[in-house]
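Note sheet for the following structure.
What follows is calculated from the coordinates using simple rules that are stated; it is not laboratory data. All values reported here derive from a predicted model rather than from experimental measurement. Counting neighbours? That spans all protein chains shown, and the Cβs are built from the backbone with ideal geometry, glycine included.
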Amino acid sequence: MTMKDEQKTKEQLIRELVALRQHLVELESAAREQQVTEILQQQTQRELLVARIAQRIRQSLQLEAVLNTTVVEVRQLLQADRVFIYRFEPDWGGVVIVESVAPEWTSILGSRPKDPSFAPTYVELYKKGRVQATADIYAGELTECYVEFLANFQVQADLVVPILQTEELWGLLVVNQCAAPRQWQQWEIDLLRQLATQLAIALQQAELYQQLQSELEERQKTEKELKRQQQLLAQSNSDLQQFASVASHDLQEPLRKIQVFGNQLKEKFSEVLGAQGRDYIERMQSAVGRMQSLIDDLLVFARIATRSQPFVATNLEQVVQEVLSDLEVRLQQTGGKVEVDKLPTIDADPVQMRQLFQNLIGNALKFHRPHTPPVVKIYSQLVAPLPSEAEDLEDIAACQVIVADNGIGFEPKYQERIFQTFQRLHGRSQYEGTGMGLAICRKIAERHGGSITATSTAGQGATFIITLPMQHQQVLPDEELL
């Protein structure tokens, strides 16, 4: 071979080497491009799956449907043999609540597999985000009992990610490879972590939905009970109206006749009756008077709801002055004194307010200590607002009117009993009355959306505290509301 031929051979060899190198570079570039494409495809698939699960969570309030969708799509994307969600119970046992499994492998849906090597310390690790990725259960990294546990379920490789609910361990999202060992990729671990976060959102959403459902059911139950109570109240008001009608005529008419005939007997046959006969008639008429007073009080009590008037601006100070004018004779008889401070103007039924103060002041004048003229002090003060009955309205400004006396008082144990109907702490021979006065006061206060309470010590007077809203929505008589 000549020098020239040898030179040509070298040049050809160089050209071939350059071409080969270029080809290798192209192959390497294509491989890298293919690898990048695969990575991008995996990333896209992962993001699409997370997006689908997130969308399903937003669109569905059915937790089971969300969980089922998750395990099905994860198994399909990862080409795994089994994917399931394990929910813990209080004793750290648990149950497989959803599962997607290839036909050739055993289903464990509904089973309660309990890992014998699971310790309480694992709970804290999972709460901190621990992920268990086992490529081959027989590689010697696991305890013998745990290997046996996994083998019972045909598992050769598994990936376990915790599902947390409000920072507590709720369950596990588990991927099993049963046909052969499997090296779990980082993107697969990241995917399961992302899905576990989405499932935590679904759990919270389902819990809130359940709470709303429970509250709705409770509200419906309450509304049903309220409707029943309203029907009972309507019937009660009807009965009260019927009673008032009977009491105003059928009961009072015989009393009037007894009173009239008694007067005629005293006037025309006084001498014939003699002292004992006249005493009997006096007793009879006294009993009739008590019965008349009782009927009158019962009518007042019944009509607080059935014949009440709409609320108007009512000057309580003016109401009290009118009551004192009516009680002028009794004030003179007892030597009593009533001190009235400035009282507010509130929305109220003026007739019922007059009845309330007449009963309270009248009681103070009646139940006074022997040889001690009664002194009554009436004043007011603003208090914390009362809660509105309607959720969309602000609280209602309120006031307290205090009626304090220096009378005989009562034992503290009777502070509720005195507001009950027909309750008397003293005999009729000591103090007249029907035992209805304070019951009427409480019913009036409650009808106005307020309350009345009392404090006292025997022999040291009594203090009555009436709490009333300053303003509120128009309240119709109960029967009109129904």
(request) Scan the stretch 170-190 residue by residue and report those that are polar (S, T, N, Q) and not in a loop (DSSP other than H, G, I, E, B). (result) 176, 177, 186
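If you scan the stretch 169-188, which residues turn out to be in contact with a strand residue (DSSP E or B) (Cβ under 9 Å, 6 or more places away or on another chain) and surrounded by fewer than 15 Cβ atoms within 10 Å (Cβ to Cβ)?
Just the residues of the stretch 169-188 that are in contact with a strand residue (DSSP E or B) (Cβ under 9 Å, 6 or more places away or on another chain), to begin with: 169-178, 180-184, 188.
Result: 180, 181, 183.
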(request) Select from the stretch 63-89 the residues that are without any contact (Cβ under 8 Å) to a residue 60 or more places away in the chain, among the aliphatic types (A, V, I, L, M) and more than 15 Å from residue 199 (Cα to Cα) and list them in ascending order. (result) none
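Just name the residue that is farthest from the chain's Cα centre (by Cα) out of those in the stretch 154-167 that are outside any strand (DSSP E or B) and surrounded by 18 or more Cβ atoms within 10 Å (Cβ to Cβ).
By that ranking, first place goes to 156.
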(request) Pairs only if they're at least six apart or on different chains, beta carbon under 7 angstrom, first in the stretch 104-128 and farther than 18 Å from residue 85 by Cα, second of a type outside the set (D, E, K, R); list them, first residue then second. (result) 116/145; 116/149; 117/143; 117/145; 117/146
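With the requirement that a residue be of a type in the set (Ser, Thr, Tyr) and not in a loop (DSSP other than H, G, I, E, B), what does the stretch 98-134 give you? Steps first, answer last, please.
Of all residues in the stretch 98-134, those of a type in the set (Ser, Thr, Tyr) come to 100, 106-107, 111, 117, 121-122, 126, 134.
Answer for the stretch 98-134, where residues must be of a type in the set (Ser, Thr, Tyr) and not in a loop (DSSP other than H, G, I, E, B): 100, 121, 122, 126, 134.
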(request) Pull up the stretch 100-145, narrow it to residues that are under 28 Å from residue 167 (Cβ atoms) and among the charged types (D, E, K, R), then point me to the one that is surrounded by the most Cβ atoms within 10 Å (Cβ to Cβ). (result) 115
